[in-house]
Structures are given as C-alpha cells and as structure tokens.
Amino acid sequence: MKRRLTPSEFDQAVKRLPRAMKARNIQIARAILVEGRKQAELVRETGLSRTAIAAVVRKIREAHETYGQPPEGWERIEVCLPSEMVHLVRALEEEARRQHENED
C-alpha cells in the first residue's frame with residue numbers, strides 16, 4: 001500500500017499538474033490519496049470507471065513524486081512501528097508542516 005499524502009503535499013501536487021483538472025476529479029483523488037478511501041468506494045459513489053479514477057490518482061501521485069520535495073533541512077525517512085503508533089508519527093509530521101507553512 002502506498003503512503004497517503006498530507007493535505008499540503010496533495011495541494012502542492014495539484015498545483016504542479018501540467019493541465020488543470022476538474023474540481024470533481026480533484027475531490028475524488030483527495031478522498032483516495034489524503035483520506036485513504038478505497039477506489040472501489042469512489043467507483044460506486046461517482047459512477048466513474050475504476051480505470052478513470054486510477055488515472056486521476058496516478059496523475060496527482062506522479063506530480064507529487066516528481067515535484068514533491070521536502071522543505072529545506074527536512075529528511076524523508078521510512079520507519080517500521082506498530083500500527084497503533086502510526087497516527088502519532090503522522091500527527092507529528094502534519095504539525096511540523098503546519099508550523100513550516102506558517103513561517104513562510
């Protein structure tokens with residue numbers, strides 16, 4: 001399973017897309033990439049095909065992977081820890097990003 005994007009990472013990836021994307025498609029991608037919802041749920045809710053939804057998600061993930069560099073002085077790491085602690089690490093990252101964005 002691929003890592004979720006933070007709201008900030010997602011917004012930056014959307015800004016870097018080579019072409020504008022429909023608001024509905026951005027909402028669908030946010031539901032999957034940020035909120036962690038399943039593609040199958042969105043297929044049922046929206047009536048779009050799984051292929052169409054996967055393409056939207058892929059475009060934003062590719063923009064993130066291409067342009068989503070961590071801020072100066074930050075490091076990207078991978079950790080292995082118990083599932084019940086994951087939310088703590090994500091909360092730390094999100095708080096650090098909020099503080100960083102407020103500094104700019």
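Every number here is computed from the coordinates shown, using simple stated rules; none is lab data. Please read all numbers here as calculations on a predicted model, not as lab measurements. Because the Cβ atoms are built from the backbone with ideal geometry, glycine has one as well, and the counts that use them run over all protein chains shown.
I want to verify the translational diffusion coefficient of the chain in µm²/s; compute it with Stokes-Einstein, Rh as the Kirkwood radius over Cα pairs, at 20 °C and 1.002 mPa s. Mind showing how you got there, number by number?
Details: Rh = 15.0 Å.
Answer from the Stokes-Einstein relation: 143 µm²/s.
Order 71-80, 14-23, 58-67 from most to least packed using the mean count of other Cβ atoms within 10 Å.
Values: 71-80: 7.1, 14-23: 10.8, 58-67: 15.5.
Per-residue mean Cβ counts within 10 Å order the peptides as 58-67, 14-23, 71-80.
Please report S83, S49 as a ranked list, fewest other C-beta atoms within 10 angstrom at the top and most at the bottom.
Working: S83 6, S49 10.
Lowest to highest Cβ neighbour count: S83, S49.
Working out 0.36 nm times the residue gap between Q99 and T66, then minus their Cα-Cα distance, what length gain in nm do you get to one decimal?
Details: separation 33, 0.36 × 33 = 11.88 nm, distance 2.39 nm.
Gain on stretching Q99 to T66: 9.5 nm.
Can you give the net charge of the other residues whose Cβ lies under 13 Å from the Cβ of L48, counting K and R as +1 and D and E as -1? Walk me through the numbers before you get to the answer.
Working: positive: K22, R24, R44, R50; negative: E41, E45.
Result for the local shell: +2.
Under the 0.36 nm per residue contour assumption, what length would be gained going from the current alpha-carbon distance of R3 and R44 to full extension?
Working: separation 41, 0.36 × 41 = 14.76 nm, distance 2.32 nm.
Gain on stretching R3 to R44: 12.4 nm.
For Q12 and H87, compute 0.36 nm times the residue count separating them, minus their Cα-Cα distance, and round to one decimal in nm.
On the way: separation 75, 0.36 × 75 = 27.00 nm, distance 2.22 nm.
Separation in residues times 0.36 nm, less the Cα-Cα distance, equals 24.8 nm.
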